[in-house]
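Read the structure below first, then the notes.
The values are calculated or read from the model by the stated rules, or taken from the named source; none is laboratory data. Here the structure is a predicted model, which is why all the values come from computation and not from measurement. In this analysis, Cβ positions are derived from the backbone assuming ideal geometry, glycine residues included, and neighbour counts consider all displayed protein chains. Surface accessibility is based on the protein's heavy atoms, side chains included, excluding ligands, DNA and RNA. Shrake-Rupley method; radii C 1.70, N 1.55, O 1.52, S 1.80 Å.
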Amino acid sequence: MAFRIVSIGDSIIWGQGLLPNEKFNWLVQQALLPMHPEGVTLESLAHSGAVIGATGVSGTPQVGEVPASRLSIIEQCDSYANSPETVDLVLMAGGINDVGIASILNPFALIPPLDVRVIHACHDGMLVLLKKVIAKFSKPTCRILVTGYYPILSAQSDPLGVIKLVSLFGIAVPAFLDKDLDFINPVLDRCEAFFNDSTQQLKQAIVDANDPRITFVPSGFTDANSAFVPGTALLWGLTLDDDLSPQDPVAAARHPLCDIAHPDPLQIPEREICYRASAGHPNVQGAAQFKKQVLAALP
(Lines give C-alpha, C1' and ligand atoms only; values in the text may rest on other atoms or scores of the structure.)
Protein backbone atom coordinates (compact mmCIF):
# COMPACT_ATOMS: atom_id res chain seq x y z
CA MET A 1 0.00 0.00 0.00
CA ALA A 2 1.28 3.45 -0.89
CA PHE A 3 2.58 5.78 1.81
CA ARG A 4 -0.08 8.46 2.25
CA ILE A 5 0.47 12.19 2.97
CA VAL A 6 -2.31 14.66 3.74
CA SER A 7 -1.74 18.41 4.03
CA ILE A 8 -4.13 20.75 5.82
CA GLY A 9 -3.62 24.36 6.77
CA ASP A 10 -2.97 27.85 5.52
CA SER A 11 -0.86 29.47 2.79
CA ILE A 12 2.37 28.06 4.24
CA ILE A 13 1.16 24.53 3.60
CA TRP A 14 -0.54 25.53 0.34
CA GLY A 15 2.66 27.12 -0.95
CA GLN A 16 1.53 30.65 -1.84
CA GLY A 17 3.00 31.87 -5.12
CA LEU A 18 4.78 28.60 -5.91
CA LEU A 19 4.39 26.32 -8.90
CA PRO A 20 3.13 22.80 -8.05
CA ASN A 21 6.59 21.24 -8.24
CA GLU A 22 8.06 23.96 -5.99
CA LYS A 23 5.73 23.50 -3.00
CA PHE A 24 7.38 21.92 0.02
CA ASN A 25 4.78 19.18 0.50
CA TRP A 26 5.43 18.03 -3.08
CA LEU A 27 9.17 18.15 -2.40
CA VAL A 28 8.63 16.00 0.70
CA GLN A 29 6.61 13.53 -1.36
CA GLN A 30 9.40 13.23 -3.94
CA ALA A 31 12.06 12.84 -1.25
CA LEU A 32 10.16 9.93 0.33
CA LEU A 33 9.62 8.02 -2.92
CA PRO A 34 12.96 6.12 -2.81
CA MET A 35 12.04 4.77 0.63
CA HIS A 36 8.57 3.61 -0.47
CA PRO A 37 8.72 1.59 -3.70
CA GLU A 38 4.99 1.02 -3.43
CA GLY A 39 4.48 4.75 -4.00
CA VAL A 40 3.78 7.95 -2.08
CA THR A 41 0.49 9.82 -2.50
CA LEU A 42 -0.18 13.44 -1.55
CA GLU A 43 -3.56 15.07 -0.93
CA SER A 44 -3.69 18.75 0.02
CA LEU A 45 -6.73 20.55 1.39
CA ALA A 46 -4.76 23.65 2.43
CA HIS A 47 -5.35 27.04 0.84
CA SER A 48 -4.34 30.66 1.21
CA GLY A 49 -5.82 32.61 4.08
CA ALA A 50 -7.30 29.66 5.95
CA VAL A 51 -7.95 30.25 9.65
CA ILE A 52 -8.09 27.53 12.26
CA GLY A 53 -11.64 28.62 13.02
CA ALA A 54 -11.92 27.18 16.52
CA THR A 55 -14.75 29.57 17.41
CA GLY A 56 -16.49 29.34 14.05
CA VAL A 57 -15.93 31.11 10.76
CA SER A 58 -18.06 32.79 8.11
CA GLY A 59 -17.51 33.82 4.52
CA THR A 60 -17.34 32.29 1.07
CA PRO A 61 -15.00 29.30 0.72
CA GLN A 62 -12.08 29.73 -1.67
CA VAL A 63 -9.35 27.43 -2.89
CA GLY A 64 -5.69 27.84 -3.70
CA GLU A 65 -4.15 31.26 -4.22
CA VAL A 66 -7.06 33.53 -3.23
CA PRO A 67 -6.84 34.39 0.50
CA ALA A 68 -10.02 33.45 2.36
CA SER A 69 -10.85 32.26 5.87
CA ARG A 70 -12.81 29.26 4.63
CA LEU A 71 -12.55 26.41 4.36
CA SER A 72 -11.15 26.75 7.85
CA ILE A 73 -8.49 24.24 8.83
CA ILE A 74 -10.98 22.59 11.17
CA GLU A 75 -13.39 22.32 8.23
CA GLN A 76 -10.60 20.83 6.13
CA CYS A 77 -9.98 18.21 8.80
CA ASP A 78 -13.66 17.46 9.42
CA SER A 79 -14.44 17.09 5.71
CA TYR A 80 -11.62 14.68 4.91
CA ALA A 81 -13.20 11.29 4.28
CA ASN A 82 -10.73 9.29 2.16
CA SER A 83 -9.86 6.56 4.66
CA PRO A 84 -8.16 8.87 7.17
CA GLU A 85 -7.33 5.88 9.35
CA THR A 86 -4.76 4.78 6.75
CA VAL A 87 -2.91 8.11 6.40
CA ASP A 88 0.80 7.92 7.29
CA LEU A 89 1.79 11.59 7.50
CA VAL A 90 -0.17 14.78 8.18
CA LEU A 91 1.51 18.10 7.36
CA MET A 92 -0.23 21.06 8.94
CA ALA A 93 0.12 24.70 9.91
CA GLY A 94 -2.25 27.30 11.29
CA GLY A 95 -2.73 30.31 13.51
CA ILE A 96 -1.25 33.27 11.67
CA ASN A 97 -4.49 34.16 9.89
CA ASP A 98 -6.46 33.92 13.15
CA VAL A 99 -4.05 36.51 14.55
CA GLY A 100 -4.23 38.50 11.31
CA ILE A 101 -1.33 39.66 9.13
CA ALA A 102 -2.48 43.27 9.36
CA SER A 103 -2.55 43.01 13.15
CA ILE A 104 1.01 41.68 13.20
CA LEU A 105 2.31 44.47 10.97
CA ASN A 106 0.31 47.32 12.51
CA PRO A 107 2.18 49.03 15.39
CA PHE A 108 -1.04 50.84 16.30
CA ALA A 109 -3.10 47.65 16.77
CA LEU A 110 -2.86 47.49 20.54
CA ILE A 111 -6.25 46.08 21.56
CA PRO A 112 -6.26 43.19 22.10
CA PRO A 113 -2.48 42.95 22.61
CA LEU A 114 -0.58 40.86 20.08
CA ASP A 115 0.48 38.28 22.66
CA VAL A 116 -3.15 37.71 23.63
CA ARG A 117 -4.10 37.20 19.98
CA VAL A 118 -1.26 34.69 19.58
CA ILE A 119 -2.30 32.70 22.67
CA HIS A 120 -5.90 32.48 21.47
CA ALA A 121 -4.85 31.37 17.98
CA CYS A 122 -1.64 29.38 18.28
CA HIS A 123 -2.39 27.69 21.58
CA ASP A 124 -6.12 27.62 22.22
CA GLY A 125 -7.21 27.31 18.59
CA MET A 126 -4.40 24.95 17.64
CA LEU A 127 -5.22 22.68 20.57
CA VAL A 128 -8.83 22.38 19.40
CA LEU A 129 -7.57 21.56 15.90
CA LEU A 130 -5.00 19.04 17.11
CA LYS A 131 -7.62 17.11 19.06
CA LYS A 132 -9.67 16.82 15.88
CA VAL A 133 -6.64 15.76 13.85
CA ILE A 134 -5.73 13.14 16.46
CA ALA A 135 -9.22 11.67 16.31
CA LYS A 136 -9.49 11.82 12.51
CA PHE A 137 -6.07 10.40 11.61
CA SER A 138 -6.01 7.53 14.06
CA LYS A 139 -3.36 5.23 12.59
CA PRO A 140 -0.94 4.54 15.47
CA THR A 141 2.10 5.09 13.25
CA CYS A 142 0.77 8.24 11.57
CA ARG A 143 3.12 11.19 12.08
CA ILE A 144 1.54 14.63 12.57
CA LEU A 145 3.94 17.50 11.84
CA VAL A 146 3.02 21.07 12.81
CA THR A 147 5.20 23.60 11.02
CA GLY A 148 6.15 26.88 12.66
CA TYR A 149 6.38 30.38 11.26
CA TYR A 150 9.28 32.83 10.79
CA PRO A 151 10.18 36.52 11.20
CA ILE A 152 8.29 38.10 8.28
CA LEU A 153 10.39 41.26 8.57
CA SER A 154 13.56 41.88 10.55
CA ALA A 155 16.21 44.50 11.21
CA GLN A 156 18.00 43.21 8.12
CA SER A 157 15.02 44.00 5.86
CA ASP A 158 15.27 47.00 3.55
CA PRO A 159 13.39 49.78 5.42
CA LEU A 160 11.65 50.83 2.19
CA GLY A 161 10.41 47.27 1.80
CA VAL A 162 9.01 47.37 5.32
CA ILE A 163 7.08 50.55 4.58
CA LYS A 164 5.84 49.22 1.23
CA LEU A 165 4.57 45.95 2.70
CA VAL A 166 2.84 47.68 5.59
CA SER A 167 1.26 50.20 3.20
CA LEU A 168 -0.32 47.33 1.29
CA PHE A 169 -2.49 46.74 4.36
CA GLY A 170 -3.53 50.39 4.54
CA ILE A 171 -1.09 51.30 7.31
CA ALA A 172 0.73 54.56 6.67
CA VAL A 173 3.48 56.39 8.52
CA PRO A 174 1.90 59.41 10.26
CA ALA A 175 3.70 62.63 9.38
CA PHE A 176 4.37 63.47 13.03
CA LEU A 177 6.27 60.20 13.70
CA ASP A 178 9.94 59.44 13.13
CA LYS A 179 9.88 56.92 10.30
CA ASP A 180 12.51 54.64 11.81
CA LEU A 181 12.23 54.98 15.58
CA ASP A 182 8.48 55.38 15.93
CA PHE A 183 7.20 53.29 13.04
CA ILE A 184 9.61 50.82 11.43
CA ASN A 185 11.19 49.58 14.66
CA PRO A 186 7.80 48.81 16.29
CA VAL A 187 6.76 46.92 13.15
CA LEU A 188 9.94 44.84 13.33
CA ASP A 189 9.40 44.27 17.05
CA ARG A 190 5.90 42.93 16.36
CA CYS A 191 7.20 40.57 13.69
CA GLU A 192 9.81 39.22 16.09
CA ALA A 193 7.23 38.95 18.87
CA PHE A 194 4.84 36.99 16.65
CA PHE A 195 7.60 34.63 15.57
CA ASN A 196 8.77 33.94 19.13
CA ASP A 197 5.32 33.82 20.75
CA SER A 198 3.75 31.67 18.03
CA THR A 199 6.61 29.18 18.33
CA GLN A 200 6.15 28.97 22.08
CA GLN A 201 2.37 28.64 21.92
CA LEU A 202 2.35 26.06 19.12
CA LYS A 203 4.82 23.95 21.09
CA GLN A 204 2.67 24.25 24.21
CA ALA A 205 -0.44 23.24 22.28
CA ILE A 206 1.40 20.11 21.12
CA VAL A 207 2.40 19.32 24.71
CA ASP A 208 -1.18 19.80 25.87
CA ALA A 209 -2.53 17.62 23.05
CA ASN A 210 -0.51 14.80 24.62
CA ASP A 211 0.00 12.58 21.58
CA PRO A 212 3.53 11.30 20.86
CA ARG A 213 2.76 11.22 17.14
CA ILE A 214 2.82 15.04 16.96
CA THR A 215 6.05 16.95 16.35
CA PHE A 216 6.72 20.66 16.01
CA VAL A 217 8.83 21.53 12.97
CA PRO A 218 10.58 24.91 13.16
CA SER A 219 11.04 26.75 9.90
CA GLY A 220 14.74 27.22 10.52
CA PHE A 221 14.53 30.75 9.11
CA THR A 222 16.64 33.50 10.67
CA ASP A 223 16.47 37.30 10.49
CA ALA A 224 18.67 37.08 7.39
CA ASN A 225 15.87 35.17 5.64
CA SER A 226 13.11 37.73 6.22
CA ALA A 227 11.43 39.54 3.37
CA PHE A 228 13.37 42.34 1.66
CA VAL A 229 16.77 41.15 2.90
CA PRO A 230 19.07 41.48 -0.11
CA GLY A 231 20.61 38.20 -1.21
CA THR A 232 19.45 35.92 1.62
CA ALA A 233 15.66 36.33 1.80
CA LEU A 234 13.73 33.06 1.79
CA LEU A 235 10.44 34.94 1.39
CA TRP A 236 8.81 36.58 -1.60
CA GLY A 237 8.91 40.37 -1.56
CA LEU A 238 7.59 43.15 -3.78
CA THR A 239 9.19 45.52 -6.23
CA LEU A 240 10.04 48.70 -4.36
CA ASP A 241 8.38 51.05 -6.84
CA ASP A 242 4.87 52.47 -7.00
CA ASP A 243 3.53 49.31 -8.65
CA LEU A 244 4.51 46.99 -5.76
CA SER A 245 4.62 44.14 -8.26
CA PRO A 246 4.66 40.61 -6.83
CA GLN A 247 7.71 38.42 -7.46
CA ASP A 248 6.14 34.96 -7.70
CA PRO A 249 5.64 32.95 -10.91
CA VAL A 250 1.88 32.46 -10.46
CA ALA A 251 1.03 36.15 -9.97
CA ALA A 252 -0.40 36.48 -13.48
CA ALA A 253 -2.65 33.44 -12.99
CA ARG A 254 -3.76 34.66 -9.55
CA HIS A 255 -4.73 38.14 -10.83
CA PRO A 256 -8.02 37.20 -12.57
CA LEU A 257 -8.97 34.94 -9.68
CA CYS A 258 -8.65 37.93 -7.36
CA ASP A 259 -10.90 39.95 -9.68
CA ILE A 260 -13.55 37.24 -9.50
CA ALA A 261 -13.30 36.88 -5.72
CA HIS A 262 -13.46 40.66 -5.09
CA PRO A 263 -15.62 42.22 -7.84
CA ASP A 264 -17.15 45.00 -5.72
CA PRO A 265 -15.46 48.45 -5.90
CA LEU A 266 -15.61 48.51 -2.11
CA GLN A 267 -13.32 45.45 -2.14
CA ILE A 268 -10.43 47.17 -3.90
CA PRO A 269 -8.11 46.91 -0.84
CA GLU A 270 -8.76 43.17 -0.56
CA ARG A 271 -8.25 42.78 -4.31
CA GLU A 272 -4.92 44.61 -4.21
CA ILE A 273 -3.72 42.43 -1.33
CA CYS A 274 -4.83 39.34 -3.24
CA TYR A 275 -2.81 40.39 -6.31
CA ARG A 276 0.28 40.51 -4.09
CA ALA A 277 -0.60 37.63 -1.75
CA SER A 278 2.78 35.96 -2.17
CA ALA A 279 4.61 38.75 -0.30
CA GLY A 280 5.98 37.43 2.99
CA HIS A 281 5.60 33.77 2.00
CA PRO A 282 8.38 31.24 1.38
CA ASN A 283 9.92 31.53 -2.06
CA VAL A 284 11.46 28.60 -3.96
CA GLN A 285 14.48 28.47 -1.65
CA GLY A 286 12.21 28.92 1.38
CA ALA A 287 10.09 25.94 0.36
CA ALA A 288 13.25 23.86 0.01
CA GLN A 289 14.19 24.90 3.55
CA PHE A 290 10.78 23.76 4.85
CA LYS A 291 11.24 20.42 3.07
CA LYS A 292 14.63 20.00 4.76
CA GLN A 293 13.11 20.71 8.17
CA VAL A 294 10.23 18.28 7.62
CA LEU A 295 12.51 15.47 6.50
CA ALA A 296 14.74 16.03 9.54
CA ALA A 297 11.69 15.54 11.77
CA LEU A 298 10.83 12.16 10.26
CA PRO A 299 12.40 8.87 11.42
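Numbers for the structure displayed
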| quantity | calculated |
| --- | --- |
| Dipole magnitude (debye, nearest 20) for the chain, charges at Cβ of Lys, Arg, Asp, Glu | 880 |
| Within straight-line cross-link reach of K131, lysines at Cα separation under 19 Å, skipping those fewer than 8 residues along the same chain | K139, K203 |
| Value at 222 nm in deg cm²/dmol, rounded to 500, when DSSP H runs of n ≥ 4 in the chain each add -39,500 (n - 2.57) | -11000 deg cm²/dmol |
| Segment 7-151, relative contact order in percent, only Cα pairs under 8 angstrom and at least six apart counted | 26 |
| Loop sites in segment 4-43: GluC sites (Glu not before Pro), DSSP, at most 15 other Cβ within 10 Å | E38 |
| Segment T222-T239, length gained on full extension (0.36 nm per residue, minus Cα span) | 3.9 nm |
| For segment 101-241, accessible area per residue (1.4 Å probe, heavy atoms of protein chains only), Å² | 43 |
| Choice from A279, A81, A50 with maximal GNM fluctuation in the chain (Cα, 10 Å cutoff) | A81 |
| Entries of K23/K132; K136/K164; K132/K292 with Cα pairs more than 31 Å apart | K136/K164 |
| Within the accessible area of the chain (1.4 Å probe), percent carbon and sulfur | 59 |
| Acute angle (nearest 10 degrees) that the helix 126-136 long axis makes with the longest principal axis of the chain, alpha-carbon atoms | 20 |
| Shape category assigned to segment 12-89 from the gyration tensor of Cα positions, a/c cut at 1.5 | oblate |
| Percent RCO, i.e. relative contact order, over the chain, from Cα pairs under 8 Å lying at least 6 residues apart | 22 |
| Segment 190-299: relative contact order in percent, alpha carbon pairs under 8 Å with at least 6 residues between | 27 |
| Per residue value of the accessible surface for segment 11-74 (all protein chains in place, 1.4 Å probe), Å² | 41 |
| Prolate/oblate/rounded label for the chain (Cα gyration tensor, a/c 1.5) | prolate |
| Inter-site label distance for Q285 and D211 at 7 Å from Cα along Cβ, in nm | 3.6 |
